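A short worksheet on the structure shown next.
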Amino acid sequence: MTVRVGTRSSRLALWQTELVIGRLRTAHRGLACRVVTLSTQGDEVIDRPLPEIGGKGVFTERIEEALRSNEIDIAVHSLKDLPVEEAEGTAIAAVLAREEARDVLVSRDRLVLERLPAGAVVGTSSTRRQAQLLALRPDLVVRPIRGNVETRLRKVEEGEYDATVIAGAGLARLGLAARATEWLDAERFLPAPGQGAIAVQCRSSDRSTIALLAAIDEPALRSATEAERGFLRGLGGGCSAPVGAYATVARARAGGELVTLRARVSAPDGSRTIEVEGSAAGAAEIAERLAERARSQGAEALLRSAASGRDAPSRARALEGRRVVVTRERERAGELCARLAAFGATPLLFPLIRIEPEPEGPTIAEAIGALASFQWLVFTSANGVEHFLSRLESAGAGGGARIAERLRTARIAAVGKKTAEALGSRGIAVDLVAGEATGSALARELAARLAGESVRVLLPRAREGGEDLAAGLRERGAAVTDLPVYRTVAAQPSEAERAAVREGVDALLFASGSAVRAFTEIAAREPAIDAAASRAALICIGPSTSEAARSRGLRVAATAEEHTSEGLLRALLAYFEEEHERNRS
């Protein structure tokens, strides 16, 4: 008997096919096999992203046709490429050989993901990888990349991309594992359902071949991948959907198997993530349970958004050619400018403020000297973190681990994600992060933690900071020491930066009331800048900044829902996408 084995012609596909043939020959002595290479739509159309050419089945349909028409007897696939609904007349008769499920980052300068510079171009044709990359690093530029493993590596080497993310199993199977810059831990970067596993199909009516393939099937791996793919099926998603899933199988105490599944559904731009996890005695049960849980949290809306292209970076054509003024301080504007450029906009840096440390004085020295007496330290900005810790260092607290150790006598609260990240980067554990990045929200959440207990709170902040947080905590019985550690002062844009704004702009981005005030003072002196601003859309980072703009007679076009640079960018995108739709209708 000679078994005709269908496969794609790439080096990786042929490697996987030879592995399957080797295992079949070990299980069935004397078995003859003949490889039949076939070209698929995914192999032939390499100049367009996978979702644009169908995504689901582009690497498998031609091979499945050959199986149904009796051109081949079995077909070898990467399991992650197979649609979750089995093709008519076919059956997956064996799942095997998943030694590695993780993704890997390969970067030209050997920089890990956290160290890639803002604006670095990362290639991937997977919406799942795109979403998870942007969730972790929203300042990156993610662009489609096509071709086999070797082609993608070459595009990085030649500078077309700064990095790419690919399946680690493919890299290892080709003997290229040394090229990996970073193996991305599955805890934070979930693989695709079935990633790393090999699937072998045959005709569902071919009982003798099904029995032949049963000898190389790995039951525990089959259960794990059935849970992963079952979750995706339960959501109605295809293999190109922004869904990650990874399952493990263990022996249950009462016998049988215990399947544990983690799964994640993401918005294509990384702005929202739904994550679920659980265990059950069977793949189908846990897949169904977690799919229902994810649906209850809005997963179907995220998948519809992905299918329509909404929120994906490629949909941001409404920003192409737009001239957008960034009014942040010069040292902190790079990430936002890089993200704007990635969407095709022209960022115009117009720094209106700069941050300076508060002059040394007895108040700061006294607070630092009494640090051990505070039960809570509350930070309202990354600048506050930086300047407070700098004062600790200059007061002889040391640096790094010594500062983190000194702060362990108090609990730490942060007003938002960016502030928490600034603390985390210094090794300081954060006990509370406000769900909404506002002082009033943090006051409410911290008060709920305190439950009426009287505590001492140290609040390092800007000289110009609002009073909402301190007042809210005092109303709830806390003894608050308000500690200005830095101040915001007006900066003067250069003549070249002013001239660029005078030429006309489409939008102005404001991240603080101080920037609003500084801009209106310049506009009052320079009518051309005032005229340019009157024709532009003003986008503000939060309600207090919007209020400062309105109080100065400015018309606010949009206010960010999330009070971060990324939220500011999303508000800008939403405004111009809506304008684009209005102009079309």
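The values are calculated or read from the model by the stated rules, or taken from the named source; none is laboratory data. All values reported here derive from a predicted model rather than from experimental measurement. Ideal geometry is used to build each Cβ from the backbone, glycine not excepted, and the neighbour counts take in all protein chains shown. SASA here: full protein model, heavy atoms, side chains in, ligands and nucleic acids out. Shrake-Rupley method; radii C 1.70, N 1.55, O 1.52, S 1.80 Å.
Structure summary
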| item | result |
| --- | --- |
| Trypsin sites (Lys or Arg not before Pro) restricted to DSSP loop in region 500-585 with at most 10 other C-beta within 10 Å | 535 |
| Amide H contacts of residue 90 (H built 1.01 Å from N, under 5 Å, at least 5 apart or other chain) | 204 |
| Antiparallel bridge percentage (DSSP; both residues within the chain; nearest 5) | 50 percent |
| DSSP-defined beta bridges in region 99-257 - what % are antiparallel, rounded to 5 | 65 percent |
| Helix 283-296 axis, angle to the chain major axis (alpha carbon atoms, nearest 10°) | 30 degrees |
| Per residue, the convex hull volume that the Cα atoms of region 433-503 enclose (Å³) | 116 Å³ |
| Cα lying deepest toward the dipole's positive end in the chain, options 273, 531, 205, charges on Cβ | 205 |
| Cα centre as origin, Lys/Arg/Asp/Glu Cβ charges: region 159-221 dipole, Debye | 300 debye |
| Three principal axis lengths of region 205-289 [C-alpha, angstrom, descending] | 48, 35, 17 |
| Förster-model FRET efficiency, 41 Å R0, residue 354 and residue 158, C-beta, rounded to 0.05 | 0.55 |
| Whole-number Å³ per residue for the convex hull built on Cα positions in the chain | 187 Å³ |
| 3J(HN,Hα) from dihedral phi, region 151-167, Karplus parametrisation 6.51/-1.76/1.60, rounded to Hz, x for glycine, proline | 5, 5, 5, 5, 5, 6, 4, 7, x, 5, 10, 7, 6, 9, 10, 9, 5 |
| Cut-off 19 Å, label 7 Å out along Cα→Cβ of residue 496, residues of region 330-371 by amide N | 330-335, 337-338, 341, 346-353 |
| Heavy-atom accessible surface of the chain: percent carbon and sulfur, 1.4 Å | 47 percent |
| Sorted largest first, extent of region 468-585 alpha carbons per principal axis (Å) | 54, 38, 23 |
| Dipole in debye (nearest 20) - the chain, about Cα centre, beta carbon charges: Lys, Arg +1; Asp, Glu -1 | 500 debye |
| C-alpha center-to-center spacing [region 455-481, region 147-180] in angstrom | 51 Å |
| Contour minus Cα-Cα distance for residue 110 and residue 150 (0.36 nm per residue) | 12.7 nm |
| Farthest toward positive dipole pole in the chain [+1 Lys/Arg, -1 Asp/Glu at C-beta], among 485, 446, 16 | 16 |
| Part-to-part distance (alpha-carbon centres) for region 67-83 and region 216-250, which is given in Å | 18 Å |
| Accessible area per residue, Å², region 411-566 with all protein chains present, probe 1.4 Å | 44 Å² |
